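The values are calculated or read from the model by the stated rules, or taken from the named source; none is laboratory data. The shown structure was predicted, so the numbers you read here are calculated from the model rather than taken from an experiment. Please note: Cβ atoms are built from the backbone with ideal geometry, for glycine as well, and neighbour counts cover all protein chains shown. Side chains are part of the model used for accessible areas, which takes the heavy atoms of the whole protein and leaves out ligands, DNA and RNA. Shrake-Rupley method; radii C 1.70, N 1.55, O 1.52, S 1.80 Å.
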Amino acid sequence: MRKEIFYSVILFTFLGLYKSFAQSDVKLSSFFLTPLTYNPAYAGSYEGMSFTSLYSSQWVGFEGAPKTIFVNGHGTFFGPNTGIGAEIMHDEIGVTTDTKVLGNYAYHVQLNEDWKVALGIKAGASWYSIDYNRLRLQNPNEFNNFDGTMTNININIGAGFFIHNENFYLGLGVPNFLKTTYVDSYNATIANSRPNYYLSSGYKIDLQNDLYLQPSILLRVVDGAPINNMFAGTLNWQEKVYGSLNVDLDSNVGGFAGFRINENYLLGYSYDASINNFSNSNGGIHSFFLNIRLEDYWQRERCGCYSF
């Protein structure tokens, strides 16, 4: 029990941190379902190949509410220590859309009998668009530049660090180091995107009879806004049935349920309800999840986290 207490102290010490930051990346309270999104060093951490898709409809009933689609895959290629992954992300909020196509590379090193460490990089491009034709303007003549569709194309460069043993993992990821400014056709600034820093950790506790509990946390740090704290407690029975409680301390609380079919296919659903003043204006967040896993040619041991 001393080891479990030690790791739990590490996990929840992060929750006490506070500083001013601003945020811009997409986030989901069921963050443990898409670890590659936050940390490129996660690529290849599952001992085989893993393909994931997720659709999330946020703030149901609120006009212009966010809709998000993730599709990614990763595995080991060219050797047991080389992880490669790819991602497509599409996010819609109001009259704006943001689409990213990204590649991930990670190299895994065996530190000793128990511990492995990985360093990863992420690179790709994003397309940010605003459809001015969907705006409702009381007097359109006063906004002559609000016409048609504006699209910005930007480069994405990120990196990450990931260390784990059989039960514990700790990661730091920065999906994009570059500060991006979005401008319209008149060269006026309409939006800014700053680097998001994600610190993640989790510990898998063996309860009994192939039942495991994994508490995990994700801290998001961005210049200009408070630290965003998210944590989850996930139960896993024989890697066939999953259930979790997910909490974003700033905005919502929810749950996830998933069922694996024929060991290769996992279907899941999560629902999150707002816990702030915005709760009266929306019907919560619905997310649908599909994961497909294939066996590993290299027969490696997986990381201590639930592998998606």
For this session: Only one of these is more than 21 Å from L218 (Cα to Cα) and at pLDDT 75 or above: I69, I88. Name it.
Result: I88
Exercise. List, please: which pairs have Cβ atoms under 7 Å, are six or more places apart or on different chains, and start with a residue in segment 248-268 that is under 18 Å from T234 (Cβ atoms) and end with one that is of a type in the set (D, E) and open to solvent by 10 Å² or more (accessible area, probe 1.4 Å)?
Worked result: R260/E239
Exercise. Within the bounds of segment 132-150, is there any residue that is of a type in the set (F, W, Y), open to solvent by less than 30 Å² (accessible area, probe 1.4 Å), over 24 Å from E87 (Cβ atoms) and at pLDDT below 85?
Worked result: yes
Problem set entry | Matching residues in segment 224-273 - criterion: being assigned to a loop (DSSP other than H, G, I, E, B), open to solvent by 20 Å² or more (accessible area, probe 1.4 Å) and touching a Lys or Arg at 6+ places or on another chain (Cβ under 7 Å) | E239, K240, N264
For this session: Return a yes/no flag: does segment 108-121 have any residue that is closer than 21 Å to V222 by Cβ, at pLDDT 90 or above, touching a strand residue (DSSP E or B) at 6+ places or on another chain (Cβ under 9 Å) and small (G, A, S).
Result: yes
Exercise. V95: over 20 Å from Y197 (Cβ atoms), at pLDDT 90 or above and either open to solvent by 10 Å² or more (accessible area, probe 1.4 Å) or out of contact with any strand residue (DSSP E or B) (no Cβ under 7 Å at 6 or more places or on another chain) (or both), yes or no?
Worked result: no
For this session: Kindly check whether there is at least one residue in segment 5-22 that is modelled with pLDDT of 70 or more and on the phi < 0 side of the Ramachandran plot.
Result: no
Exercise. Taking the stated definitions as given, is A65 surrounded by 15 or more Cβ atoms within 10 Å (Cβ to Cβ), touching a His at 6+ places or on another chain (Cβ under 6 Å) and touching a residue at least 12 places away in the same chain (Cβ under 8 Å)?
Worked result: no
